[in-house]
Amino acid sequence: MAEKPRVRFAPSPTGYLHIGSLRTALYNFLYAKKTGGDYFLRVEDTDQKRLVADAVEKLVESLEWAGVENGEGIVLDEKGSIRQKGEFGPYMQSERLELYQKYAHELVKKGKAYYCFCTPERLDSLRAVQEKAKLAPAYDKLCLKTYSREEAEQKIKAGEKYVIRFDVPETGEISFEDAVRGKIFFSNKNLDDFVLLKSDGFPTYHLAHVVDDHFMETTLVFRGEEWLPSTPKHILLFEAFGWKPPQYAHLCVILNKNTRKKLSKRDGDVSVEDFKKKGYLPEAVVNFIALLGWNPKTEQEIFSLDEMSAAFDLEKLNKAGAIFDQEKLDWMNGYYIRQKDDGELAKLCRPYLKKYNNSLSDEHLKKIIQVEKERMKKLSDIAEGTQFYFDTPKPDADLLKWKSMGSEDLEKSLNKSREILDAISEENWELEDIKNKLMASADPKDRGALLWPLRVALTGEKKSPSPWEVAWVVGKNESMERIEQAIASLKN
Ligand code: GLU
(Lines give C-alpha, C1' and ligand atoms only; values in the text may rest on other atoms or scores of the structure.)
Protein backbone atom coordinates (compact mmCIF):
# COMPACT_ATOMS: atom_id res chain seq x y z
CA MET A 1 0.00 0.00 0.00
CA ALA A 2 1.32 3.45 -0.89
CA GLU A 3 2.22 5.60 2.12
CA LYS A 4 -0.15 8.37 3.06
CA PRO A 5 1.17 11.81 2.07
CA ARG A 6 2.08 13.69 5.22
CA VAL A 7 3.44 17.22 5.12
CA ARG A 8 4.32 19.67 7.82
CA PHE A 9 4.90 23.34 8.38
CA ALA A 10 7.59 23.67 11.03
CA PRO A 11 8.19 27.29 11.96
CA SER A 12 10.36 28.58 14.74
CA PRO A 13 8.29 30.92 16.88
CA THR A 14 10.08 34.21 16.29
CA GLY A 15 7.12 36.47 16.94
CA TYR A 16 5.59 37.00 13.53
CA LEU A 17 4.79 35.08 10.37
CA HIS A 18 6.85 36.18 7.36
CA ILE A 19 4.91 36.29 4.12
CA GLY A 20 7.35 33.71 2.69
CA SER A 21 6.58 31.35 5.56
CA LEU A 22 2.89 31.73 4.85
CA ARG A 23 3.66 30.57 1.32
CA THR A 24 5.41 27.47 2.71
CA ALA A 25 2.41 26.75 4.93
CA LEU A 26 0.08 27.32 2.00
CA TYR A 27 1.88 24.87 -0.30
CA ASN A 28 1.71 22.26 2.45
CA PHE A 29 -1.99 22.90 2.80
CA LEU A 30 -2.63 22.76 -0.97
CA TYR A 31 -0.59 19.63 -1.41
CA ALA A 32 -2.35 17.81 1.43
CA LYS A 33 -5.74 18.85 0.09
CA LYS A 34 -4.86 17.75 -3.41
CA THR A 35 -3.44 14.38 -2.41
CA GLY A 36 -5.86 13.63 0.42
CA GLY A 37 -2.91 13.64 2.79
CA ASP A 38 -2.31 15.13 6.23
CA TYR A 39 -0.92 18.56 6.96
CA PHE A 40 0.34 19.23 10.45
CA LEU A 41 1.92 22.12 12.28
CA ARG A 42 5.00 21.50 14.40
CA VAL A 43 6.64 24.23 16.42
CA GLU A 44 10.45 24.21 16.41
CA ASP A 45 11.20 25.98 19.65
CA THR A 46 14.49 24.44 20.70
CA ASP A 47 16.52 27.60 20.29
CA GLN A 48 15.96 28.92 23.79
CA LYS A 49 17.73 32.21 23.09
CA ARG A 50 15.20 33.16 20.44
CA LEU A 51 11.96 32.44 22.27
CA VAL A 52 9.33 35.19 22.15
CA ALA A 53 6.25 35.33 24.37
CA ASP A 54 2.90 34.63 22.61
CA ALA A 55 4.76 33.94 19.38
CA VAL A 56 3.03 30.60 18.81
CA GLU A 57 -0.44 32.02 19.38
CA LYS A 58 0.27 34.88 16.98
CA LEU A 59 1.62 32.55 14.38
CA VAL A 60 -1.40 30.25 14.47
CA GLU A 61 -3.74 33.25 14.45
CA SER A 62 -2.09 34.50 11.27
CA LEU A 63 -2.47 31.10 9.65
CA GLU A 64 -6.12 30.93 10.69
CA TRP A 65 -6.72 34.42 9.35
CA ALA A 66 -5.31 33.30 6.00
CA GLY A 67 -7.49 30.18 6.00
CA VAL A 68 -4.42 27.96 5.79
CA GLU A 69 -5.51 25.72 8.62
CA ASN A 70 -3.93 22.48 9.73
CA GLY A 71 -5.99 19.55 10.90
CA GLU A 72 -3.21 18.18 13.07
CA GLY A 73 -0.48 19.45 15.36
CA ILE A 74 -0.52 22.79 17.14
CA VAL A 75 -3.93 24.47 17.03
CA LEU A 76 -5.76 27.11 19.08
CA ASP A 77 -8.95 26.40 21.01
CA GLU A 78 -11.93 28.79 21.09
CA LYS A 79 -10.24 30.77 23.85
CA GLY A 80 -7.12 31.23 21.77
CA SER A 81 -4.99 28.89 23.89
CA ILE A 82 -2.55 26.42 22.41
CA ARG A 83 -3.74 22.84 22.02
CA GLN A 84 -2.19 19.79 20.42
CA LYS A 85 -4.20 17.55 18.15
CA GLY A 86 -3.18 14.23 16.65
CA GLU A 87 -1.48 10.95 17.37
CA PHE A 88 2.08 11.93 16.46
CA GLY A 89 2.56 14.47 19.24
CA PRO A 90 3.80 16.23 21.15
CA TYR A 91 4.15 18.70 18.29
CA MET A 92 6.14 21.21 20.31
CA GLN A 93 9.81 20.31 20.06
CA SER A 94 10.63 21.53 23.56
CA GLU A 95 8.39 18.71 24.82
CA ARG A 96 10.39 16.06 22.98
CA LEU A 97 13.85 16.64 24.44
CA GLU A 98 14.27 13.11 25.79
CA LEU A 99 13.62 11.63 22.40
CA TYR A 100 16.33 13.75 20.78
CA GLN A 101 18.78 12.91 23.58
CA LYS A 102 18.07 9.23 23.20
CA TYR A 103 18.71 9.29 19.47
CA ALA A 104 21.83 11.45 19.71
CA HIS A 105 23.34 8.91 22.14
CA GLU A 106 22.19 6.10 19.91
CA LEU A 107 24.26 7.53 17.06
CA VAL A 108 27.29 7.62 19.38
CA LYS A 109 26.72 3.93 20.14
CA LYS A 110 26.52 3.18 16.45
CA GLY A 111 29.84 4.95 15.90
CA LYS A 112 28.23 7.66 13.73
CA ALA A 113 28.62 10.47 16.24
CA TYR A 114 31.00 11.31 19.08
CA TYR A 115 31.35 13.35 22.27
CA CYS A 116 33.25 16.59 21.98
CA PHE A 117 34.67 18.50 24.94
CA CYS A 118 36.28 21.41 23.15
CA THR A 119 35.78 24.74 24.89
CA PRO A 120 34.40 27.79 23.08
CA GLU A 121 37.91 29.30 23.36
CA ARG A 122 39.49 26.37 21.55
CA LEU A 123 36.85 26.52 18.82
CA ASP A 124 37.44 30.25 18.43
CA SER A 125 41.17 29.87 18.02
CA LEU A 126 40.67 26.98 15.57
CA ARG A 127 38.38 29.21 13.53
CA ALA A 128 40.90 32.04 13.59
CA VAL A 129 43.67 29.75 12.29
CA GLN A 130 41.40 28.45 9.53
CA GLU A 131 40.35 31.93 8.59
CA LYS A 132 43.98 33.02 8.30
CA ALA A 133 44.74 30.06 6.05
CA LYS A 134 41.62 30.93 4.01
CA LEU A 135 40.00 27.61 4.88
CA ALA A 136 36.28 27.13 5.45
CA PRO A 137 35.54 26.89 9.19
CA ALA A 138 35.20 23.26 10.22
CA TYR A 139 35.70 21.23 13.35
CA ASP A 140 38.97 19.22 13.15
CA LYS A 141 37.68 15.99 14.79
CA LEU A 142 40.16 16.47 17.65
CA CYS A 143 37.97 14.81 20.29
CA LEU A 144 37.17 11.90 17.98
CA LYS A 145 40.89 11.32 17.42
CA THR A 146 41.90 11.88 21.06
CA TYR A 147 39.42 9.93 23.17
CA SER A 148 38.10 6.42 22.95
CA ARG A 149 34.38 6.10 23.71
CA GLU A 150 35.22 4.71 27.17
CA GLU A 151 37.50 7.65 27.95
CA ALA A 152 34.87 10.08 26.80
CA GLU A 153 32.23 8.40 28.96
CA GLN A 154 34.57 8.64 31.97
CA LYS A 155 34.93 12.38 31.39
CA ILE A 156 31.16 12.77 31.23
CA LYS A 157 30.75 10.78 34.46
CA ALA A 158 33.26 13.13 36.06
CA GLY A 159 30.94 16.00 35.15
CA GLU A 160 32.64 17.47 32.08
CA LYS A 161 30.49 19.44 29.67
CA TYR A 162 30.12 17.98 26.20
CA VAL A 163 28.30 18.23 22.92
CA ILE A 164 27.56 15.41 20.50
CA ARG A 165 28.87 15.87 16.97
CA PHE A 166 28.06 13.93 13.84
CA ASP A 167 31.06 12.19 12.30
CA VAL A 168 30.79 13.25 8.65
CA PRO A 169 32.73 10.89 6.37
CA GLU A 170 35.79 12.65 4.93
CA THR A 171 35.25 11.34 1.43
CA GLY A 172 32.35 10.45 -0.80
CA GLU A 173 29.34 12.42 -1.84
CA ILE A 174 25.71 12.69 -1.08
CA SER A 175 22.91 13.21 -3.56
CA PHE A 176 19.19 13.65 -3.47
CA GLU A 177 16.36 14.49 -5.81
CA ASP A 178 14.74 17.82 -5.08
CA ALA A 179 11.19 18.20 -6.40
CA VAL A 180 11.94 21.76 -7.55
CA ARG A 181 15.60 21.59 -8.51
CA GLY A 182 16.15 18.02 -9.69
CA LYS A 183 19.18 15.95 -8.72
CA ILE A 184 21.58 17.67 -6.33
CA PHE A 185 25.09 16.53 -5.36
CA PHE A 186 27.20 17.58 -2.40
CA SER A 187 30.70 16.50 -1.48
CA ASN A 188 31.12 15.20 2.09
CA LYS A 189 34.45 16.94 2.38
CA ASN A 190 32.66 20.29 2.35
CA LEU A 191 30.57 19.39 5.38
CA ASP A 192 31.53 20.14 8.94
CA ASP A 193 31.11 17.71 11.87
CA PHE A 194 27.96 19.52 12.94
CA VAL A 195 26.58 19.46 16.47
CA LEU A 196 23.55 17.27 17.18
CA LEU A 197 23.13 17.83 20.91
CA LYS A 198 24.25 20.98 22.68
CA SER A 199 25.85 21.11 26.11
CA ASP A 200 22.55 22.20 27.71
CA GLY A 201 20.92 18.98 26.48
CA PHE A 202 18.96 20.75 23.74
CA PRO A 203 19.14 19.35 20.23
CA THR A 204 20.15 21.41 17.23
CA TYR A 205 17.63 22.00 14.49
CA HIS A 206 19.38 19.38 12.35
CA LEU A 207 18.86 16.54 14.80
CA ALA A 208 15.44 17.55 16.10
CA HIS A 209 13.70 17.92 12.77
CA VAL A 210 15.20 14.73 11.34
CA VAL A 211 14.00 12.72 14.34
CA ASP A 212 10.60 14.38 14.10
CA ASP A 213 10.20 13.99 10.37
CA HIS A 214 10.93 10.31 10.83
CA PHE A 215 8.58 9.66 13.75
CA MET A 216 5.87 11.95 12.42
CA GLU A 217 6.07 10.07 9.11
CA THR A 218 6.65 13.15 6.97
CA THR A 219 6.73 12.19 3.30
CA LEU A 220 7.51 15.57 1.73
CA VAL A 221 9.25 18.65 3.10
CA PHE A 222 8.45 22.08 1.66
CA ARG A 223 10.87 24.68 2.92
CA GLY A 224 12.76 27.76 1.83
CA GLU A 225 15.80 27.56 -0.41
CA GLU A 226 18.00 28.80 2.45
CA TRP A 227 17.85 25.26 3.87
CA LEU A 228 19.28 23.65 0.76
CA PRO A 229 22.94 23.74 1.92
CA SER A 230 21.94 21.93 5.14
CA THR A 231 20.02 19.19 3.40
CA PRO A 232 23.02 16.89 2.81
CA LYS A 233 23.57 16.87 6.58
CA HIS A 234 19.99 15.78 7.01
CA ILE A 235 20.30 13.03 4.42
CA LEU A 236 23.46 11.79 6.18
CA LEU A 237 21.55 11.71 9.45
CA PHE A 238 18.66 9.74 7.96
CA GLU A 239 21.16 7.28 6.52
CA ALA A 240 23.04 6.95 9.80
CA PHE A 241 19.80 6.08 11.60
CA GLY A 242 18.82 3.70 8.81
CA TRP A 243 15.65 5.72 8.09
CA LYS A 244 14.15 6.71 4.77
CA PRO A 245 14.41 10.48 4.15
CA PRO A 246 11.35 12.38 2.95
CA GLN A 247 11.20 13.99 -0.46
CA TYR A 248 12.33 17.64 -0.48
CA ALA A 249 10.96 20.67 -2.29
CA HIS A 250 13.10 23.74 -1.67
CA LEU A 251 11.07 26.80 -2.58
CA CYS A 252 12.51 29.81 -4.39
CA VAL A 253 13.32 33.04 -2.57
CA ILE A 254 10.96 35.99 -2.68
CA LEU A 255 12.73 39.11 -3.93
CA ASN A 256 12.29 42.80 -3.35
CA LYS A 257 11.28 44.31 -6.71
CA ASN A 258 13.83 47.13 -6.59
CA THR A 259 16.87 45.61 -4.97
CA ARG A 260 16.31 42.05 -6.27
CA LYS A 261 17.45 40.89 -2.85
CA LYS A 262 15.59 38.58 -0.53
CA LEU A 263 12.54 40.35 0.89
CA SER A 264 13.34 41.08 4.50
CA LYS A 265 12.10 43.10 7.44
CA ARG A 266 14.30 45.96 6.28
CA ASP A 267 12.04 46.32 3.23
CA GLY A 268 9.09 47.33 5.40
CA ASP A 269 6.05 45.17 5.69
CA VAL A 270 6.80 41.50 5.40
CA SER A 271 4.71 39.89 8.08
CA VAL A 272 1.22 38.59 7.56
CA GLU A 273 0.16 40.81 10.49
CA ASP A 274 1.42 43.90 8.65
CA PHE A 275 -0.66 43.10 5.59
CA LYS A 276 -3.71 42.37 7.68
CA LYS A 277 -3.35 45.67 9.54
CA LYS A 278 -3.07 47.62 6.31
CA GLY A 279 -6.34 46.23 5.06
CA TYR A 280 -5.38 43.39 2.77
CA LEU A 281 -7.92 40.59 2.59
CA PRO A 282 -6.79 37.06 3.31
CA GLU A 283 -8.14 35.83 -0.04
CA ALA A 284 -5.92 38.35 -1.85
CA VAL A 285 -2.79 37.70 0.20
CA VAL A 286 -3.11 33.95 -0.23
CA ASN A 287 -3.89 34.15 -3.96
CA PHE A 288 -0.96 36.53 -4.47
CA ILE A 289 1.67 34.56 -2.58
CA ALA A 290 0.55 31.26 -4.10
CA LEU A 291 1.75 32.58 -7.44
CA LEU A 292 5.17 33.60 -6.09
CA GLY A 293 7.06 30.51 -7.09
CA TRP A 294 4.25 28.45 -8.55
CA ASN A 295 3.17 28.89 -12.13
CA PRO A 296 -0.12 27.13 -12.84
CA LYS A 297 0.56 27.75 -16.57
CA THR A 298 -2.82 29.25 -17.37
CA GLU A 299 -4.01 32.79 -18.00
CA GLN A 300 -6.07 32.59 -14.84
CA GLU A 301 -4.82 34.79 -12.00
CA ILE A 302 -7.67 34.71 -9.53
CA PHE A 303 -7.84 31.43 -7.63
CA SER A 304 -9.89 30.33 -4.67
CA LEU A 305 -8.22 27.93 -2.24
CA ASP A 306 -10.17 25.06 -3.81
CA GLU A 307 -9.11 26.03 -7.31
CA MET A 308 -5.53 26.39 -6.16
CA SER A 309 -5.38 22.97 -4.63
CA ALA A 310 -6.96 21.39 -7.69
CA ALA A 311 -4.32 23.02 -9.92
CA PHE A 312 -1.38 22.56 -7.54
CA ASP A 313 1.45 20.51 -8.97
CA LEU A 314 5.05 20.02 -7.76
CA GLU A 315 6.19 20.05 -11.39
CA LYS A 316 5.09 23.65 -11.73
CA LEU A 317 7.15 25.09 -8.88
CA ASN A 318 9.83 27.53 -10.02
CA LYS A 319 13.51 27.57 -9.12
CA ALA A 320 14.15 31.20 -9.99
CA GLY A 321 13.48 33.87 -7.37
CA ALA A 322 9.98 35.36 -7.42
CA ILE A 323 9.53 39.11 -7.40
CA PHE A 324 7.19 40.61 -4.86
CA ASP A 325 5.10 43.01 -6.94
CA GLN A 326 3.17 45.30 -4.62
CA GLU A 327 1.08 46.72 -7.48
CA LYS A 328 -0.14 43.30 -8.37
CA LEU A 329 -1.06 42.59 -4.77
CA ASP A 330 -2.99 45.88 -4.68
CA TRP A 331 -4.80 45.02 -7.86
CA MET A 332 -5.77 41.61 -6.51
CA ASN A 333 -6.89 43.05 -3.22
CA GLY A 334 -9.06 45.58 -5.07
CA TYR A 335 -10.58 42.72 -7.01
CA TYR A 336 -11.44 40.79 -3.83
CA ILE A 337 -12.79 43.93 -2.16
CA ARG A 338 -15.23 44.38 -5.04
CA GLN A 339 -16.40 40.79 -4.68
CA LYS A 340 -17.64 41.47 -1.15
CA ASP A 341 -21.16 42.65 -0.49
CA ASP A 342 -21.50 46.11 1.03
CA GLY A 343 -22.65 44.88 4.43
CA GLU A 344 -19.63 42.64 4.85
CA LEU A 345 -17.28 45.32 3.62
CA ALA A 346 -18.80 47.80 6.04
CA LYS A 347 -17.91 45.47 8.90
CA LEU A 348 -14.37 45.02 7.61
CA CYS A 349 -13.88 48.76 7.07
CA ARG A 350 -15.23 49.97 10.40
CA PRO A 351 -11.97 49.44 12.34
CA TYR A 352 -10.28 51.92 9.97
CA LEU A 353 -12.83 54.60 10.79
CA LYS A 354 -12.41 54.57 14.53
CA LYS A 355 -12.51 58.34 14.88
CA TYR A 356 -16.05 58.46 13.43
CA ASN A 357 -17.34 55.25 14.93
CA ASN A 358 -19.69 56.76 17.47
CA SER A 359 -21.66 58.73 14.98
CA LEU A 360 -21.34 56.51 11.94
CA SER A 361 -24.46 54.46 11.25
CA ASP A 362 -24.34 51.22 9.31
CA GLU A 363 -26.56 52.73 6.68
CA HIS A 364 -24.29 55.72 6.17
CA LEU A 365 -21.20 53.51 6.03
CA LYS A 366 -22.78 51.18 3.47
CA LYS A 367 -23.51 54.13 1.23
CA ILE A 368 -19.92 55.37 1.50
CA ILE A 369 -18.73 51.91 0.61
CA GLN A 370 -21.02 51.64 -2.37
CA VAL A 371 -19.43 54.79 -3.77
CA GLU A 372 -15.83 54.15 -2.73
CA LYS A 373 -15.60 50.42 -3.47
CA GLU A 374 -14.55 50.88 -7.09
CA ARG A 375 -11.36 52.73 -6.27
CA MET A 376 -10.36 50.89 -3.10
CA LYS A 377 -7.17 48.87 -3.07
CA LYS A 378 -7.00 48.31 0.65
CA LEU A 379 -9.61 48.45 3.40
CA SER A 380 -7.66 51.32 4.96
CA ASP A 381 -8.34 53.41 1.82
CA ILE A 382 -11.79 54.01 3.24
CA ALA A 383 -10.18 56.53 5.60
CA GLU A 384 -8.03 58.20 2.93
CA GLY A 385 -9.37 61.42 1.37
CA THR A 386 -12.90 60.68 2.55
CA GLN A 387 -13.16 63.30 5.31
CA PHE A 388 -16.02 65.12 3.53
CA TYR A 389 -18.42 62.23 4.14
CA PHE A 390 -18.16 62.90 7.83
CA ASP A 391 -17.30 66.56 8.33
CA THR A 392 -18.73 69.63 6.64
CA PRO A 393 -16.03 71.04 4.36
CA LYS A 394 -14.96 74.66 4.03
CA PRO A 395 -14.41 75.02 0.30
CA ASP A 396 -11.86 77.43 -1.06
CA ALA A 397 -13.54 80.29 -2.96
CA ASP A 398 -11.29 79.91 -6.02
CA LEU A 399 -11.67 76.17 -6.12
CA LEU A 400 -15.44 76.57 -6.34
CA LYS A 401 -15.10 78.32 -9.72
CA TRP A 402 -15.27 76.25 -12.85
CA LYS A 403 -12.52 77.24 -15.34
CA SER A 404 -12.65 81.03 -15.96
CA MET A 405 -16.06 81.43 -14.32
CA GLY A 406 -16.77 84.80 -12.70
CA SER A 407 -18.29 85.29 -9.24
CA GLU A 408 -21.71 86.04 -10.59
CA ASP A 409 -21.89 82.91 -12.69
CA LEU A 410 -20.63 80.88 -9.77
CA GLU A 411 -23.44 82.13 -7.58
CA LYS A 412 -25.95 81.43 -10.30
CA SER A 413 -24.63 77.94 -10.73
CA LEU A 414 -24.85 77.14 -7.02
CA ASN A 415 -28.34 78.60 -6.80
CA LYS A 416 -29.42 76.44 -9.69
CA SER A 417 -28.04 73.33 -7.98
CA ARG A 418 -29.84 74.31 -4.82
CA GLU A 419 -33.12 74.55 -6.69
CA ILE A 420 -32.69 71.25 -8.48
CA LEU A 421 -31.82 69.37 -5.34
CA ASP A 422 -34.39 71.07 -3.19
CA ALA A 423 -37.07 69.86 -5.60
CA ILE A 424 -36.23 66.26 -4.77
CA SER A 425 -38.06 65.08 -1.70
CA GLU A 426 -36.23 63.28 1.06
CA GLU A 427 -38.08 60.04 0.26
CA ASN A 428 -36.90 60.26 -3.32
CA TRP A 429 -33.32 61.02 -2.36
CA GLU A 430 -31.95 58.17 -4.47
CA LEU A 431 -28.68 58.04 -6.34
CA GLU A 432 -30.17 57.59 -9.80
CA ASP A 433 -32.75 60.27 -9.28
CA ILE A 434 -30.27 62.86 -8.08
CA LYS A 435 -27.95 62.05 -10.95
CA ASN A 436 -30.70 62.24 -13.59
CA LYS A 437 -32.03 65.55 -12.37
CA LEU A 438 -28.59 67.16 -12.29
CA MET A 439 -27.55 65.77 -15.66
CA ALA A 440 -30.80 66.89 -17.27
CA SER A 441 -30.18 70.45 -16.12
CA ALA A 442 -26.50 70.65 -16.98
CA ASP A 443 -25.51 72.14 -20.33
CA PRO A 444 -24.29 69.11 -22.35
CA LYS A 445 -21.54 71.28 -23.87
CA ASP A 446 -20.29 72.46 -20.51
CA ARG A 447 -21.51 70.20 -17.72
CA GLY A 448 -18.75 71.36 -15.42
CA ALA A 449 -20.36 74.79 -15.13
CA LEU A 450 -23.08 73.19 -13.01
CA LEU A 451 -21.40 70.11 -11.61
CA TRP A 452 -17.97 71.45 -10.58
CA PRO A 453 -19.11 74.18 -8.16
CA LEU A 454 -21.66 71.80 -6.66
CA ARG A 455 -19.12 69.04 -6.22
CA VAL A 456 -16.64 71.40 -4.56
CA ALA A 457 -19.38 72.85 -2.35
CA LEU A 458 -20.18 69.32 -1.19
CA THR A 459 -16.62 68.09 -0.72
CA GLY A 460 -14.15 70.98 -0.61
CA GLU A 461 -11.83 68.78 -2.66
CA LYS A 462 -10.13 69.05 -6.04
CA LYS A 463 -10.86 65.40 -6.64
CA SER A 464 -13.70 63.34 -5.30
CA PRO A 465 -16.57 61.15 -6.42
CA SER A 466 -19.36 62.83 -8.43
CA PRO A 467 -21.65 65.42 -6.78
CA TRP A 468 -24.69 63.09 -6.94
CA GLU A 469 -22.79 60.33 -5.17
CA VAL A 470 -21.64 62.62 -2.38
CA ALA A 471 -25.05 64.28 -2.09
CA TRP A 472 -26.70 60.89 -1.87
CA VAL A 473 -24.34 59.68 0.85
CA VAL A 474 -24.50 62.76 3.08
CA GLY A 475 -28.28 63.11 2.65
CA LYS A 476 -30.59 65.91 1.62
CA ASN A 477 -30.33 68.11 4.71
CA GLU A 478 -26.58 68.08 4.87
CA SER A 479 -26.29 68.65 1.11
CA MET A 480 -28.56 71.68 1.22
CA GLU A 481 -26.63 73.07 4.16
CA ARG A 482 -23.33 72.68 2.36
CA ILE A 483 -24.66 74.49 -0.71
CA GLU A 484 -26.10 77.31 1.40
CA GLN A 485 -22.84 77.65 3.18
CA ALA A 486 -20.90 77.86 -0.10
CA ILE A 487 -23.28 80.54 -1.37
CA ALA A 488 -22.97 82.47 1.86
CA SER A 489 -19.18 82.30 1.68
CA LEU A 490 -19.28 84.17 -1.67
CA LYS A 491 -20.81 87.18 0.00
CA ASN A 492 -18.08 87.65 2.57
N1 GLU B 1 12.28 25.66 11.84
C2 GLU B 1 12.73 25.86 10.51
C3 GLU B 1 12.36 27.28 10.07
O4 GLU B 1 11.81 28.02 10.84
C5 GLU B 1 12.09 24.84 9.61
C6 GLU B 1 12.89 24.39 8.44
C7 GLU B 1 12.27 23.13 7.86
O8 GLU B 1 11.11 23.21 7.42
O9 GLU B 1 12.89 22.07 7.90
O10 GLU B 1 12.61 27.71 8.99
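Per residue, the accessible area of segment 159-273 comes to 44 Å², computed with a 1.4 Å probe over protein heavy atoms only. The solvent-accessible area of residue 76, taken with every protein chain present and a 1.4 Å probe, is close to 30 Å².
In a simple Cβ point-charge model (Lys, Arg +1; Asp, Glu -1; nothing else charged), the chain has a dipole of about 1500 debye relative to its Cα centre.
Taking every protein chain into account, the accessible area of segment 291-391 amounts to 53 square angstrom per residue (probe 1.4 Å).
Exposure check, 1.4 Å probe, all protein chains in place: residue 411 carries approximately 60 Å² of accessible surface. The DSSP beta bridges internal to the chain are antiparallel in roughly 55% of cases. The Cα-based radius of gyration of segment 96-186, divided by its Kirkwood radius, gives an Rg/Rh of 1.05.
Residue 383 sits among other residues whose Cβ lies under 12 Å from its own Cβ, and their net charge, with Lys and Arg +1 and Asp and Glu -1, is +2. Counted residue by residue at 0.36 nm each, then reduced by the alpha carbon distance between them, the extension gain from residue 319 to residue 344 reaches 5.1 nm. Classify segment 396-476 from the C-alpha gyration tensor, please: rounded if a/c falls under 1.5, else prolate or oblate depending on whether a/b exceeds b/c. Verdict is prolate for segment 396-476.
Reported to the nearest whole Å, the Cα centre-to-centre distance from segment 115-187 to segment 384-412 is 76.
Here segment 249-328 is described by how far its Cα atoms reach on the three principal axes: 34, 27, 22 Å, from widest to narrowest. The loop-placed GluC sites (Glu not before Pro) in segment 312-359, going by DSSP, include none that has at most 12 neighbouring Cβ atoms within 10 Å of its Cβ. Per residue, the convex hull around the alpha carbon atoms of segment 422-464 comes to 85 Å³. If you take all other residues with their beta carbon under 10 Å from the beta carbon of residue 356, and give Lys and Arg +1 and Asp and Glu -1, the sum is +2. Compactness of segment 335-492, taken as the C-alpha radius of gyration over 2.2 N^0.38 Å, stands at 1.06. Each residue of segment 215-221 was assigned a 3J(HN,Hα) from its phi angle through the Karplus expression (A = 6.51, B = -1.76, C = 1.60, θ = phi - 60°), giving 6, 8, 6, 5, 9, 9, 10 Hz with x at Gly and Pro. Of the GluC sites (Glu not before Pro) found in segment 416-492, those in coil by DSSP whose Cβ has at most 12 other Cβ atoms within 10 Å are 426, 427, 430.
Placing unit charges on the Cβ atoms of the charged side chains and taking the dipole of segment 217-328 about its Cα centre, the candidate lying farthest along the positive direction among 256, 324, 280 is 256.
To the nearest 10 degrees, how steep is helix 231-241 against the longest Cα principal axis of the chain, on a 0 to 90 scale? With rounding to tens, the tilt is 40 degrees. Amide H to amide H distances under 5 Å link residue 12 with 44, where only residues 5 or more positions off or on other chains count and H is placed in the peptide plane. Does anyone have the angle between helix 120-132 and the longest principal axis of the chain? Alpha-carbon axes, 0 to 90°, nearest 10? Around 80 degrees separate the two axes. Legend: distances between Cα atoms for 58/85; 278/319; 412/491; 141/233; 110/244; pairs beyond 22 Å are 278/319.
Could you give the semi-axes, largest first, of the ellipsoid that matches the chain, computed as the square roots of 5 times the alpha carbon gyration tensor eigenvalues and rounded to whole Å?
Taking √(5λ) for each Cα gyration eigenvalue gives 65, 22, 20 Å.
Near residue 40, the amide H atoms lying under 5 Å from its own belong to 7, 8, 9; only residues 5 or more places off or on other chains count, and H is placed 1.01 Å from N.
In the assembled protein chains, residue 316 presents an accessible area of approximately 60 Å² (probe radius 1.4 Å).
Sorting 420, 82, 369 on solvent-accessible area from highest to lowest, probe radius 1.4 Å, gives 82, 420, 369.
Using a probe radius of 1.4 angstrom, the carbon and sulfur fraction of the accessible surface of the chain is 48%.
Taking the centroid of alpha carbons for each part, segment 270-284 and segment 35-70 are 17 Å apart.
The values are calculated or read from the model by the stated rules, or taken from the named source; none is laboratory data. For clarity, every value in this text was computed on a predicted model and none was experimentally measured. Counting neighbours? That spans all protein chains shown, and the Cβs are built from the backbone with ideal geometry, glycine included. The area values use the complete protein model at the heavy-atom level, side chains included, leaving out ligands, DNA and RNA. Shrake-Rupley method; radii C 1.70, N 1.55, O 1.52, S 1.80 Å.
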